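First up is the structure itself, then whatever we jot down about it.
The values are calculated or read from the model by the stated rules, or taken from the named source; none is laboratory data. These figures come from a predicted structure and were not determined experimentally. Positions of Cβ are backbone-derived with ideal geometry, glycine not excepted, and every protein chain shown enters the neighbour counts. Areas reflect the complete protein model, heavy atoms only, side chains present, ligands, DNA and RNA absent. Shrake-Rupley method; radii C 1.70, N 1.55, O 1.52, S 1.80 Å.
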Amino acid sequence: MNGNLVEGKLRNMTSLYLRHGNELLLLYRIGSKVVGDSYVASAGGHFESEELNDARACALRELYEETGIKEQEIDQLSLRYITLRRKDNEIRQNYYFFAELKERREGLKSNEGQLEWFKMDELLDNMPQMPFTAYYVVKHYLERGKDTNALYAGIAAESGVAFIEMNEF
């Protein structure tokens, strides 16, 4: 197959990162067909057909299914990044949300892997293994995004992800 041909296959996913103060909750996911063994958002996954036009609904459903955390337990839920990447003859579009967990709890469990809190000011210097676009989203968020309310779009290239602020006009 010619690597330049795009058949129009899409993979739409959401990721939701939970913060509490200066900490970010990451999930060490094992055995995923899409992301392998790596650290990913606190929760996330693929859209159900009824969610195709509602990334927020998908993120909240995944959060509850994977962690048992309900919408009432979080604050400041916001779509902060949308990325596009070509991989395995599909276009992967990922919607990255961030939210504040109202009450930090030890021993949070996920049916998808092991949840672990990371101090944000230390995470940038010691980034764990992450999927390609997630790595660049978290890096950008820690360097710049956490200090804004902006929505960023990112296009993945072999050298990284280029972000631009998406303004409404």
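Please give the per residue accessible area of segment 27-116, computed with a probe of 1.4 Å over protein heavy atoms only, in Å². Mind showing how you got there, number by number?
Details: 4860 Å² over 90 residues.
So segment 27-116 comes to 54 Å² accessible per residue, rounded to a whole number.
Could you pull the Rg and Dmax for segment 37-79, using just the Cα atoms, both in Å?
Expressed in Å, the Cα Rg and Dmax of segment 37-79 come to 10.7, 30.
Helix-only estimate, please: 222 nm mean residue ellipticity of the chain, summing -39500 (n - 2.57) across DSSP H runs of length 4 or more and dividing by its residues, to the nearest 500. Spell out each step's value before the answer.
Working: 3 runs with 29 residues, N = 169.
Value at 222 nm, helices only, nearest 500: -5000 deg cm²/dmol.
If I take all pairs of Cα atoms in the chain, what percentage of them are more than 19 Å from each other?
Working: 7813 of 14196 pairs.
The share of Cα pairs beyond 19 Å in the chain comes to 55 percent.
First measure r as the distance between the Cβ atoms of Lys146 and Glu106, then evaluate 1/(1 + (r/R0)^6) with R0 = 25 Å and state the FRET efficiency to the nearest 0.05.
Values: r = 23 Å, r/R0 = 0.92.
After rounding to 0.05, the efficiency reads 0.60.
Given 20 °C and 1.002 mPa s, compute D for segment 54-148 with the Stokes-Einstein relation, Rh being the Kirkwood radius over Cα pairs; round to the nearest whole µm²/s. Mind showing how you got there, number by number?
Values: Rh = 14.9 Å.
Using the Kirkwood radius from Cα pairs, D works out to 143 µm²/s.
Once amide H atoms are placed 1.01 Å from N in the peptide plane, what residues at a sequence separation of 5 or more from Phe97, or on another chain, have their amide H within under 5 Å of its amide H?
Ser15, Leu16, Tyr17, Arg80
May I ask you to compute the full-extension gain from Glu65 to Ser78, defined as 0.36 nm times their residue separation minus their alpha-carbon distance, rounded to one decimal in nm? Spell out each step's value before the answer.
Numbers: separation 13, 0.36 × 13 = 4.68 nm, distance 1.92 nm.
Taking 0.36 nm per residue and subtracting the Cα distance, the gain is 2.8 nm.
Evaluate the relative contact order of the chain (contact order divided by residue number), counting alpha-carbon pairs under 8 angstrom at least 6 apart; express in whole percent.
Numbers: 315 pairs, mean separation 45.7, N = 169.
It rounds to 27 percent for the chain.
Please report, as a whole percent, how much of the solvent-accessible surface of the chain comes from carbon and sulfur atoms (probe radius 1.4 Å).
On the way: 4410 of 9650 Å².
Looking at the chain in its full context, I get 46 percent from C and S.
I'd like the Karplus ³J(HN,Hα) series for segment 77-92: coefficients 6.51, -1.76, 1.60, θ = phi - 60°, whole numbers in Hz, and an x wherever there's a Gly or Pro.
Values, residue by residue: 5, 8, 6, 10, 9, 10, 10, 10, 8, 8, 7, 6, 6, 9, 9, 9 Hz.
Can you give the translational diffusion coefficient of segment 8-83 in µm²/s, computed by Stokes-Einstein from the Kirkwood radius over Cα pairs at 4 °C and 1.567 mPa s?
Working: Rh = 13.3 Å.
D, rounded to a whole number, is 98 µm²/s.
Can you pull the one-decimal nm distance between simple spin-label points at Ala162 and Leu52, each 7 Å off the Cα toward Cβ?
3.0 nm
Hey, can you grab everything whose amide H is under 5 Å from the amide H of Leu77? Only 5+ residues off in sequence or another chain; H modelled, so Pro and N-termini drop out.
Amide H neighbours of Leu77, under 5 Å, 5+ apart: Glu100.
Which residues make up the longest stretch of the chain clear of GluC sites (Glu not before Pro) that lie in a DSSP loop with no more than 15 other Cβ atoms within 10 Å, not counting the sites?
Details: sites that count: Glu7, Glu48, Glu103, Glu106, Glu158, Glu168.
Of all site-free stretches, the longest is 49-102.
For segment 55-112, which trypsin sites (Lys or Arg not before Pro) are both in a DSSP coil and crowded by at most 16 other Cβ atoms within 10 Å?
The qualifying sites are Lys70, Lys102, Arg104, Arg105, Lys109.
Over segment 77-169, what is the relative contact order in whole percent, taking alpha-carbon pairs under 8 Å and six or more residues apart?
On the way: 98 pairs, mean separation 29.7, N = 93.
Dividing the mean separation by the residue count of segment 77-169 yields 32 percent.
Calculate one ³J(HN,Hα) per residue across segment 98-107 by plugging θ = phi - 60° into the Karplus curve 6.51 cos²θ - 1.76 cosθ + 1.60, and present them in order as whole Hz with x for glycine and proline.
Each residue's phi maps through the Karplus curve to give 10, 8, 9, 7, 4, 10, 6, 10, 7, x Hz.
Residue by residue, what Karplus-based ³J(HN,Hα) values in Hz, rounded to whole numbers, does segment 14-25 have, using 6.51, -1.76 and 1.60 with θ = phi - 60° and x for Gly and Pro?
Listing the rounded values in order: 10, 9, 10, 9, 9, 10, 8, x, 9, 10, 10, 8 Hz.
Below 17 Å, Cα to Cα, which lysines can Lys119 reach? Residues fewer than 8 away in the same chain don't count.
Correct list for Lys119: Lys102, Lys139, Lys146.
Obtain the nm distance between the two label points defined at His20 and Glu7 by a simple spin-label model: each point lies 7 Å from its Cα along the Cα-to-C-beta direction.
Distance between label points: 4.4 nm.
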